[in-house]
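A quick write-up on the structure given underneath.
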Amino acid sequence: MENKYTFFENVFDVVRQIPYGKVTSYGAIAKYLGSAKSSRTVGYAMNASHQLIPKIAAHRVVNRNGMLTGKHHFGGNEMQQSLEAEGHIIIDDKIQNFSTHYWDPTIELAI
DNA sequence: GAGGTGACGACCC
DNA sequence: TGGGTCGCCACCT
């Protein structure tokens, strides 16, 4: 039986499970899906996530440094405001205490 | 059908 | 330490 779920679908599924107030990285999701080097595709999936209904918490996904590299794709500082609303502190487009709020799917979802 | 691109990350000088 | 390169997967032209 063919697995209809693409890498894309799996990415969305993981992002939907990110708890409120938590964040993760593109690479962590890619790694969880078994393709640690596919982080670029995860980023592309986030780009496509804007047309999903309902929208997924793409703002909770940042790069491995905790930097909001994708905020321009949200339009303005919407991404930053969303994160701040969840209790995060953003300075210079970077999440402070990133490791404290880090949510690792490879651990939390434990394949 | 083929080549270029991208919200990344890891490796190699 | 830091700049350059490759890999991966899906989309666009």
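Worth a mention:
- Residue match in segment A:87-99 (condition: more than 16 Å from DNA strand C (Cβ to nearest atom) and in a helix (DSSP H, G or I)): yes
- Residue in segment A:15-36 that is modelled with pLDDT under 95, of a type in the set (Val, Ile, Thr) and either touching an Asp or Glu at 6+ places or on another chain (Cβ under 7 Å) or not in a helix (DSSP H, G or I) (or both) present: no
- From the options A:Ser35, A:Ser39, A:Ser49, A:Ser99, residue that is more than 14 Å from the chain's Cα centre (by Cα) and under 18 Å from A:Thr6 (Cα atoms): A:Ser35
- Among the residues of segment A:48-68, those identified as under 18 Å from A:Gln96 (Cβ atoms) and surrounded by fewer than 17 Cβ atoms within 10 Å (Cβ to Cβ) are A:Asn63, A:Arg64, A:Asn65, A:Met67.
- Any chance A:Gly43 is more than 20 Å from A:Glu86 (Cβ to Cβ), outside any loop (DSSP other than H, G, I, E, B) and small (Gly, Ala, Ser): yes
- Selection from segment A:47-66 of residues that are assigned to a helix (DSSP H, G or I), away from DNA strand C (no atom under 12 Å from the Cβ) and among the hydrophobic types (A, V, I, L, M, F, W, C): A:Ala58
- As a summary of the residue check, A:Ile29 satisfies the conditions (1) β-branched (Val, Ile, Thr); (2) under 25 Å from A:Asn97 (Cα atoms); (3) more than 11 Å from DNA strand B (Cβ to nearest atom) except for the one numbered (3).
The values are calculated or read from the model by the stated rules, or taken from the named source; none is laboratory data. Just so it is clear, the structure is predicted and the values come from calculations on it, not from any experiment. With ideal geometry, Cβ positions are generated from the backbone for all residues, glycine too; neighbour counts draw on all protein chains shown.
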